[in-house]
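Below: the structure, in structure tokens.
The values are calculated or read from the model by the stated rules, or taken from the named source; none is laboratory data. All values derive from a computational prediction rather than experimental measurement. In this analysis, Cβ positions are derived from the backbone assuming ideal geometry, glycine residues included, and neighbour counts consider all displayed protein chains.
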Amino acid sequence: MPERPLPLHGVRETLLEPEPAASTAGLAAALGAHDEGPRALGRRLRELVTAQPTFLDGWAHLALWALEEGDPVAAYAFARTGYHRGLDRIRRAGWHGQGPVPWDHEPNRGFLRSVHALLRAAAMIGELDEARRCRDFLLELDPEDALSVRDVDVGALGGA
């Protein structure tokens, strides 16, 4: 997908290609199965990333599920996987260590959700420096701050 130039700087936004339809449909089905309970949701999300290990939003939602279930260590691992796979994807899409990866482009959201989940999980396990780096990185990637991290007190998110 082509990058859109930003006025004045010459830096371009990085826009990821859409995820495969099977991945997004699988995520919608997993998230839509409310009556099955949280354990079933976790199982469905694990099955989804097992079948589609490059699906960033799958990793992000798995990390968010683990946070909801009170397992910040698992959330940290899932979010870090989404974060690293996302870095690979944005680099392949033309990102060179600077410039926005905006939230308003829907395919970018899995990566940004993974970074946000990593921020939360890192804070919960006491990795406050990493949580701050994630907050700052999110603000660099999405200056519009769609995930509302600008004023987050990382220390208030928890700690070991």
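A few notes on this one:
- Hits in the range 17-36 - residues which are small (Gly, Ala, Ser) and either in a helix (DSSP H, G or I) or at positive phi (or both): Ala21, Ala22, Ser23, Ala25, Gly26, Ala28, Ala29, Ala30, Gly32
So that you can scan it fast, the table gives a plain yes or no per residue for (1) closer than 21 Å to Pro102 by Cβ; (2) surrounded by 12 or more Cβ atoms within 10 Å (Cβ to Cβ); (3) out of contact with any Gly (no Cβ under 7 Å at 6 or more places or on another chain); (4) modelled with pLDDT under 95:
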{"site": "Arg4", "(1), (2), (3), (4)": "yes, yes, yes, yes"}
{"site": "Arg12", "(1), (2), (3), (4)": "yes, yes, no, yes"}
{"site": "Leu16", "(1), (2), (3), (4)": "yes, yes, yes, no"}
{"site": "Gly26", "(1), (2), (3), (4)": "no, yes, yes, no"}
{"site": "His34", "(1), (2), (3), (4)": "no, no, yes, yes"}
{"site": "Arg39", "(1), (2), (3), (4)": "no, no, yes, yes"}
{"site": "Arg44", "(1), (2), (3), (4)": "no, yes, yes, no"}
{"site": "Leu48", "(1), (2), (3), (4)": "no, yes, no, no"}
{"site": "Pro53", "(1), (2), (3), (4)": "no, no, yes, no"}
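- Yes/no for Thr50 being closer than 17 Å to Ala122 by Cβ, free of Cβ contacts under 8 Å to residues at least 60 places away in the same chain and polar (S, T, N, Q): no
- Hey, Asp71 under 27 Å from Leu41 (Cβ atoms), without any contact (Cβ under 8 Å) to a residue 24 or more places away in the chain and not polar (S, T, N, Q) or not: yes
- Identity of the residue in the range 87-111, touching a helix residue (DSSP H, G or I) at 6+ places or on another chain (Cβ under 7 Å) and either of a type in the set (Phe, Trp, Tyr) or surrounded by fewer than 24 Cβ atoms within 10 Å (Cβ to Cβ) (or both), that ends up farthest from Phe55 (Cα to Cα): Pro100
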